[in-house]
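Shown next, in structure tokens, is the structure this report addresses.
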């Protein structure tokens, strides 16, 4: 298992972490890799890392839940971030062959920030 951190900018942001995940894999890894985000207000997805699409993802995620009006907001004001991340999920599983991610041509592992800016911790578990 390996761990790395990612700094995000903006309340909602998307960061391509594919190379960081790839670097965390053992050279002889074959099977699957689980990439796990240790936070409840950010998520992980597999999608294309084209700049305009990343902007579209940020806009889409920001619109998933209204910013205000949630009971949890009485505690820390970020219920909207928890709800957005809930729909994204905290992990992705990717096939691994000979120490490399077996992603499709346009696929990347993306961290989606819903409550930034923050420093996020990501775990990579190869099995």
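The values are calculated or read from the model by the stated rules, or taken from the named source; none is laboratory data. Quick caveat, the model's predicted, so the values are computed rather than measured. Using ideal geometry, Cβ is built from the backbone for each residue, glycine included, and neighbour counts are taken over all protein chains shown.
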Filter result for residue 40 (modelled with pLDDT of 95 or more, loosely packed, with under 15 Cβ neighbours inside 10 Å and part of a loop (DSSP other than H, G, I, E, B)): yes
Looking only at region 108-125, count every residue that is in contact with a helix residue (DSSP H, G or I) (Cβ under 8 Å, 6 or more places away or on another chain) and not in a strand (DSSP E or B) and tell me the total. 2
Return a yes/no flag: does region 28-37 have any residue that is touching a helix residue (DSSP H, G or I) at 6+ places or on another chain (Cβ under 7 Å) and more than 21 Å from residue 1 (Cβ to Cβ). no
Set 9, 29: member being in contact (Cβ under 8 Å) with a residue 40 or more places away in the chain, part of a loop (DSSP other than H, G, I, E, B), more than 13 Å from the chain's Cα centre (by Cα) and under 13 Å from residue 120 (Cα atoms): 9
